[in-house]
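The values are calculated or read from the model by the stated rules, or taken from the named source; none is laboratory data. Because the structure is a prediction, the values reported are computed rather than measured. Please note: Cβ atoms are built from the backbone with ideal geometry, for glycine as well, and neighbour counts cover all protein chains shown.
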Amino acid sequence: MAAAKEIPYKIYLKESEMPETWYNVRADMKNKPAPLLNPGTHEPMKAEELAPVFCEELIAQELDNETRNVPIPQEILDFYKMYRPSPLVRAYCLEEKLGTPAKIYYKFEGNNTSGSHKLNSAIAQAYYAKNQGLKGVTTETGAGQWGTALSMACAYLGLDCKVYMVKVSYEQKPFRREVMRTYGASVTPSPSMETNIGREINARFPGTTGSLGCAISEAVEVAVGTPGYRYVLGSVLNQVLLHQSVIGLEAKAALDKYGIVPDVIIGCAGGGSNLGGLISPFMGEKLRGERDYRIVAVEPASCPSFTRGRFAYDFCDTGKVCPLAKMYTLGSGFIPAPNHAGGLRYHGMSSILSQLYHDGYMEAISVPQTAVFEAAEYFARCEGILPAPESSHAIRAAIDEAVKCRETGKEETILFGLTGTGYFDMVAYEKFHDGKMTDYIPTDEELAKSFEGLPKIG
Ligand SMILES: *Cc1c(COP(=O)(O)O)cnc(C)c1O
């Protein structure tokens with residue numbers, strides 16, 4: 001019989017060990033993320049200007065670059081306890097199969113019905129909306145994970161939830177849609193004929209299957225035009241990274257229990273919320289000069305915001321109704337090829353992560369789609385979990401890092417974020433198995449054309 005393992009397969013925290021505050025990494029950043037700008041005047045957005053769109057408390061969190069630790073309200077803590085703490089898993093089987101001296105850990109956020117980390121922020125945003133006395137919230141969803149998470153949170157708190165779902169996903173993922181409706185949300189394919197921007201886009205691009213940027217514009221229009229409603233967003237914003245810091249705080253507490261210090265931390269990056277959350281306490285140590293870590297963002301080669309984008313102010317949505325954000329962007333008119341990692345198909349990136357990347361605190365790589373699915377399948381076959389395509393970008397990078405260790409003999413400790421499960425992504429897996437998956441990578445010309453649409457600021 002093999003000897004019992006010194007480090008358990010899964011490190012769980014006790015409920016009493018869960019974090020009671022979120023960590024705001026901006027408090028430790030010397031160069032703060034650039035402020036949101038009014039798209040008309042190009043002046044920094046004030047809280048009053050944001051108030052018709054967002055909930056008050058969330059605006060305060062969005063603009064707060066100073067408060068280091070933000071108490072998590074008891075109601076949110078109670079909800080977290082229904083599905084958290086999430087496990088930190090030692091990937092013994094993967095290590096063995098790879099024959100690597102590296103030690104691989106992953107923080108698994110797929111253990112809830114919505115199937116991803118997005119619930120961590122959904123419950124917070126729904127809570128503040130409820131607390132403000134609102135009737136409901138509107139949002140967009142691409143692949144459907146965010147819409148599902150928000151529907152669950154709204155059902156729990158008794159809030160109405162209107163979801164604008166990118167039309168191509170609405171048609172391709174009918175089961176996602178039904179999950180949201182089970183939790184009481186209304187789901188409308190976008191672009192719809194219910195909003196001015198939706199009608200305009202349908203007229204300009206007949207037969208369009210929609211985009212995230214377009215669905216955002218619709219959701220914002222409805223929030224602003226409906227009394228008692230506000231708009232909520234599942235990624236990119238500072239407040240979302242704040243809520244997602246619970247991932248990193250738990251991961252760090254679990255590692256600390258066994259005196260484990262990661263050398264490299266890896267996460268997939270769509271709008272940056274899971275990566276920002278996972279790395280936050282580690283980044284804090286790095287920013288304060290206490291410890292060093294390699295931090296790696298992994299994005300799809302078909303939507304390479306960090307690795308090929310510009311660091312510039314840009315529109316957050318196609319309809320150009322949202323504030324301007326300074327971020328690594330491919331241009332708001334960039335429509336990525338129909339990659340199967342729907343949650344990574346956003347043209348921009350969190351302003352916090354963009355600033356940290358710009359200042360050299362983290363690295364970024366991009367990986368092509370078929371290599372991602374190869375890694376997903378390899379992982380599923382040894383660790384058992386069926387990973388989401390988005391999460392599999394991090395798996396790809398972690399495997400490549402562990403293989404490098406096999407060659408150099410370095411006993412690195414690797415931590416990566418496993419953001420969710422892929423049960424609703426079986427069409428993508430089917431394409432991969434049938435050899436019908438393609439690797440589309442935008443040309444420099446395409447990107448240059450898209451950059452031409454960047455707003456001219458200053
Ligand atoms: C939405 C999503 C992502 C990407 O979003 P981030 O804001 O970059 O974290 C990654 N994985 C899963 C499973 C998702 O649902």
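In segment 66-89, is there at least one residue being polar (S, T, N, Q) and under 30 Å from K5 (Cβ atoms)? Write out each step before concluding.
Start the filter on segment 66-89 by keeping residues that are polar (S, T, N, Q), which leaves 67, 69, 74, 86.
Checking the rest, the ones that are also under 30 Å from K5 (Cβ atoms) come to 86.
Yes: one or more hits.
Scanning segment 409-442 for residues that are surrounded by 13 or more Cβ atoms within 10 Å (Cβ to Cβ) and of a type in the set (D, E, K, R) turns up K410, E412, D425, K431, D439. Could you check segment 276-295 and list, in sequence order, the residues that are among the basic types (K, R) and buried (at least 18 other Cβ atoms within 10 Å of the Cβ)? Answer for segment 276-295, where residues must be among the basic types (K, R) and buried (at least 18 other Cβ atoms within 10 Å of the Cβ): just K286.
Filter segment 99-146 down to the residues that are among the aliphatic types (A, V, I, L, M) and either within 16 Å of the ligand (Cβ to nearest atom) or free of Cβ contacts under 8 Å to residues at least 12 places away in the same chain (or both) and list them by number. Across segment 99-146, the qualifying residues are L119, A122, I123, A124, A143.
Within segment 225-244, the set of residues being under 12 Å from V70 (Cβ atoms) and not aliphatic (A, V, I, L, M) comprises N238, Q239, H243. A single entry from V321, V372 fulfils the requirement of being within 13 Å of the ligand (Cβ to nearest atom) and β-branched (V, I, T): V372. The residues listed here are S192, S217; of these, the one that is assigned to a loop (DSSP other than H, G, I, E, B) and more than 16 Å from the ligand (Cβ to nearest atom) is S192. Considering segment 21-48, the residues that are surrounded by fewer than 16 Cβ atoms within 10 Å (Cβ to Cβ) and either in contact with a strand residue (DSSP E or B) (Cβ under 7 Å, 6 or more places away or on another chain) or free of Cβ contacts under 8 Å to residues at least 24 places away in the same chain (or both) include one that is nearest to L275 (Cα to Cα), namely T21. Scanning segment 80-91 for residues that are hydroxyl-bearing (S, T, Y) and touching an Asp or Glu at 6+ places or on another chain (Cβ under 9 Å) returns a single hit, S86. Here the helices (runs of 4 or more DSSP H) wholly within segment 353-458 that include at least 2 residues being more than 23 Å from the chain's Cα centre (by Cα) and among the hydrophobic types (A, V, I, L, M, F, W, C) are 389-408, 444-451. How about segment 160-188: which of its residues are modelled with pLDDT of 95 or more, surrounded by fewer than 20 Cβ atoms within 10 Å (Cβ to Cβ) and more than 13 Å from S114 (Cα to Cα)? Scanning segment 160-188 gives D160, G184, S186. Taken as a whole, segment 10-18 holds at least one residue that is touching a residue at least 24 places away in the same chain (Cβ under 8 Å), touching an Asp or Glu at 6+ places or on another chain (Cβ under 7 Å), within 18 Å of L119 (Cα to Cα) and of a type in the set (A, V, I, L, M, F, W, C).
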